[in-house]
1. Rounded to the nearest 500, what is the 222 nm mean residue ellipticity of the chain from helices alone, with -39500 (n - 2.57) per DSSP H run of 4+ residues and division by all residues?
2. Taking only C-alpha pairs under 8 Å that are 6+ residues apart, what is the relative contact order of region 26-72 in percent?
3. Please report, as a whole percent, how much of the solvent-accessible surface of the chain comes from carbon and sulfur atoms (probe radius 1.4 Å).
4. Determine the shape class of the chain: with a ≥ b ≥ c the square roots of the Cα gyration tensor eigenvalues, call it rounded for a/c under 1.5, and otherwise prolate if a/b is greater than b/c, oblate otherwise.
5. Under a point-charge model restricted to the Cβ atoms of Lys and Arg (+1) and Asp and Glu (-1), what is the dipole moment magnitude of the chain relative to its Cα centre, in debye to the nearest 20?
6. Only sites in a loop by DSSP and with at most 13 other Cβ atoms within 10 Å count here; which trypsin sites (Lys or Arg not before Pro) in the chain make the cut?
Amino acid sequence: MLLYGTDGCHLCEEAESVLASLGVAAKVVDIAGDDDLLQRYGVRIPVLRDGAGRELGWPFDAEAARRFLEHE
């Protein structure tokens, strides 16, 4: 499970808190150092991505994240 974001992004911090409340530890990927990721996710972060390539974009709450994770 990946969480795309950047350092200092308050929405990304909120997304991490939502995931933590569900007991989910996602690997945080900072898009700032990668031009391809920055172009792909720059205006969409935070974005949660599962191993199958499905994505859940912000805004999401614990219930939406739980439903997304159920289909992983």
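1. Roughly -11000 deg cm²/dmol at 222 nm, from the helical runs in the chain.
2. 23
3. Here it works out to 49 percent.
4. Verdict is prolate for the chain.
5. With Lys and Arg at +1 and Asp and Glu at -1, about 200 debye.
6. ARG44, ARG54
The values are calculated or read from the model by the stated rules, or taken from the named source; none is laboratory data. Computed from a prediction, not measured in an experiment: that's the story for all the values here. All Cβ positions, glycine included, derive from the backbone under ideal geometry; neighbour counts span all protein chains shown. Heavy atoms of the whole protein, side chains included, go into the accessibility calculation; ligands, DNA and RNA do not. Shrake-Rupley method; radii C 1.70, N 1.55, O 1.52, S 1.80 Å.
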